[in-house]
Amino acid sequence: MAAAKKAVLGPLVGAVDQGTSSTRFLVFNSKTAELLSHHQVEIKQEFPREGWVEQDPKEILHSVYECVEKTCEKLGQLNIDISNIKAIGVSNQRETTVVWDKLTGEPLYNAVAAPVSPGPSVPVAVVPSGSSVPAARTSSVWLDLRTQSTVESLSKRIPGNNNFVKSKTGLPLSTYFSAVKLRWILDNVRKVQKAVEENRALFGTVDSWLIWSLTGGVNGGVHCTDVTNASRTMLFNIHSLEWDKELCEFFGIPMEILPNVRSSSEIYGLMKAGALEGVPISGCLGDQSAALVGQMCFQDGQAKNTYGTGCFLLCNTGHKCVFSEHGLLTTVAYKLGRNKPVFYALEGSVAIAGAVIRWLRDNLGIIKTSEEIEKLAKEVGTSYGCYFVPAFSGLYAPYWDPSARGIICGLTQFTNKCHIAFAALEAVCFQTREILDAMNRDCGIPLSHLQVDGGMTSNKILMQLQADILYIPVVKPSMPETTALGAAMAAGAAEGVGVWSLEPEDLSAVTMERFEPQINAEESEIRYSTWKKAVMKSMGWVTTQSPESGIP
């Protein structure tokens, strides 16, 4: 029998999407943006001590190789020739910190994960010592508290004014960002100190570790990062687009261990092993920037919200850095080519989104699966005056109150689990509105619509509630993998690859689902102001907090 004929497609582009709980490799058709195949591998979080979250950098790397191999096998089964894959992009969890030995290629310590949500004073949830509650259940999986005391001692010696860090980086001094985690590792891990003294140590966020390893590692691996990931380290000057000498001195970080900073779309190096050996790695974006690109938010004032464990809302502010008066972060959105201009964004995050649904499932047991919440909420179609503020470990933007705690209020004898489920979904939407309101006040550009992606967007009730509460349309692409798509677009558009056009007229029209507001503006405002009243009631709950700290 004749061999099956290979399917003929346009050039293909692959994307590594390395997240907090899994790694995926996805392959797209560069002409239609259609997802052709993908593979996903779960990765473990390690909790060596209470409040510490780590990952094994080698497990992360192996998961990438496994995903690439398995996706290529699946393409083979579909009769798609993998030699059509012309480029690979990387998108990654941004603030997770890796230090490794450039002579052996071995990690010098586990990757230290980012805590739950960025901000001027990241609230701390402490589990009582000896508690049997699994670490992952106490709050979001990203929570790592070990650097709290590092932040406290650094904040005492900020030179001149309190804006020293923020004016250069767009970020507050916080446990969230890599510089503090790197400082902690340098202070506490002798193996790393020794490697730095002997000029063997390299530092990077997950993208740097992956690109260095995939392009050859000890045999000529490329030590680089892109502007979006660099802008989350607290060591990078977002105006000059280079590592900042004063910041490195302040944090005590030797500059020679830092990666070279490149644009988000250029050839960094070639794959040196595996099924895609020889294919250029030519796109790199932190996950939230990748989703902004994948949603094609290329104009000033366009915004996207990614609904996951938390929500990440980014608004493109064009070529200008907009500094927030309302606790939002200023960050690099993307720079799509070495000679292309840089774009900036304002970022706000909702700490508890999908996590509130998991809490209803795991802690209260009112649902057995996360999907069930839509069914419960649909049964009643209203919260019947019940409001849920999920401030499990304090309130984040725009309040920044670490002493707040979660409350469910407005209960009557008629309230049942369906109303609480509905109130939980509304809580995600109200929190998103608070961030958007803060963005509007900072930018002065009211949004005409909000683009959405992420796992929770499959919940139609949530999407409709979001449109009602924002009182603007919510627009969801039919292909939900916008983070990976953004990394693929950056890789395919790179100079020397040139298989993906980012010109507005060439961008393939993505089919969208639109949710229009279905209530009147007055009702939307009444519900929002009642939510604000509930938030006030949650504040000032805890009077003392004493985070644990410890040394390995």
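Available extension along the chain between residue 188 and residue 240 is 15.6 nm, counting 0.36 nm per residue and deducting the alpha carbon span. Carbon-plus-sulfur accessible fraction, the chain (probe radius 1.4 Å, protein heavy atoms only): 52%. At 222 nm, what helix-only mean residue ellipticity would the chain give, in deg cm²/dmol to the nearest 500, using -39500 (n - 2.57) for each DSSP H run of four or more? Result for the chain: -9000 deg cm²/dmol, rounded to the nearest 500.
Which of the aspartates and glutamates could a cross-linker bridge to residue 537, judged by Cα under 14 Å and excluding same-chain residues fewer than eight apart? Filter leaves 401. Counting pairs of Cα atoms in region 409-475, how many percent are more than 20 Å apart? Value for region 409-475: 36 percent of Cα pairs lie more than 20 Å apart.
A Förster radius of 25 Å combined with the Cβ-Cβ distance from residue 441 to residue 299 puts the calculated FRET efficiency at roughly 0.80. Above 18 Å, the calculated P(r) of region 344-465 contains 54 percent of its Cα-Cα pairs. When the P(r) is computed for region 389-545, the part past 28 Å accounts for 36% of the Cα-Cα pairs. For region 146-246, the extents of the C-alpha atoms along the principal axes are 44, 32, 21 Å, listed from largest to smallest.
Of the listed peptides 532-541, 328-337, what is their order by residue-averaged count of other C-beta atoms within 10 Å, with the highest listed first?
328-337, 532-541
Mean sequence separation of contacting Cα pairs (under 8 Å, at least six apart), scaled by the length of region 149-284, corresponds to a relative contact order of 24 percent.
Only Cα pairs under 8 Å and at least 6 apart count here; give the relative contact order of the chain as a rounded whole percent. This gives 16 percent for the chain. The charge dipole of region 418-498, taken about its Cα centre with unit charges on the Cβ of Lys, Arg, Asp and Glu (plus for the first two, minus for the last two), comes to roughly 160 debye. Its convex hull of Cα atoms gives region 286-354 a direction-averaged projected area, equal to a quarter of the hull surface, of 4.6 nm². Note on residue 58: aspartates and glutamates with a C-alpha under 19 Å away, same-chain residues under 8 apart excluded, are 17, 42, 46, 66, 69, 95, 101, 106, 207. The 3J(HN,Hα) values that the Karplus relation (6.51, -1.76, 1.60; θ = phi - 60°) gives for region 146-159 are, in residue order, 5, 8, 3, 6, 4, 4, 4, 6, 5, 5, 6, 10, 5, x Hz. Gly and Pro appear as x. For region 214-330, rounded, prolate or oblate, judged on the Cα gyration tensor with a ≥ b ≥ c (square roots of eigenvalues), a/c < 1.5 rounded, else prolate if a/b > b/c? Oblate. The alpha-carbon positions of region 440-516 define a convex hull whose volume is 127 Å³ per residue.
Loop-located trypsin sites (Lys or Arg not before Pro) in region 354-400 (DSSP state not H, G, I, E or B) with no more than 14 neighbouring Cβ atoms inside 10 Å: 368. Could you list log10 I(q)/I(0) for region 324-365 at q = 0.33 Å⁻¹, which the Debye formula gives when each Cα is one point scatterer? So the normalised log intensities work out to -1.04. Each peptide among 166-179, 459-472 gets the average number of other Cβ atoms lying within 10 Å of its residues, and from highest to lowest they stand as 166-179, 459-472.
Straight-distance candidates among the lysines for linking to residue 378, with alpha-carbon spacing under 21 Å and chain neighbours fewer than 8 residues away dropped: 368, 417, 460, 476.
Counting each pair of different Cα atoms once, what's the Kirkwood radius of the chain in Å, rounded to one decimal?
When all Cα pairs of the chain are included, the Kirkwood radius is 23.9 Å.
Only lysine pairs 8 or more places apart or on separate chains count here, and in region 154-277 those with Cα atoms under 17 Å apart total 4. Computed from backbone phi, the HN-Hα couplings of region 44-58 come to 8, 9, 10, 10, x, 9, 4, x, 10, 10, 9, 9, 8, x, 6 Hz, rounded to whole numbers (Karplus: 6.51 cos²θ - 1.76 cosθ + 1.60, θ = phi - 60°; Gly and Pro given as x).
Each residue of region 422-433 was assigned a 3J(HN,Hα) from its phi angle through the Karplus expression (A = 6.51, B = -1.76, C = 1.60, θ = phi - 60°), giving 4, 5, 5, 5, 4, 4, 4, 6, 5, 5, 5, 5 Hz with x at Gly and Pro. Per residue, the chain exposes an accessible area of 38 Å² to a 1.4 Å probe, with every protein chain left in place.
The values are calculated or read from the model by the stated rules, or taken from the named source; none is laboratory data. Since we're looking at a predicted model, the values are computed, not measured. Positions of Cβ are generated from backbone atoms using ideal geometry, with glycine treated the same way; all protein chains shown enter the neighbour counts. What goes into the accessible areas is simple: the full protein's heavy atoms, side chains included, and nothing from ligands, DNA or RNA. Shrake-Rupley method; radii C 1.70, N 1.55, O 1.52, S 1.80 Å.
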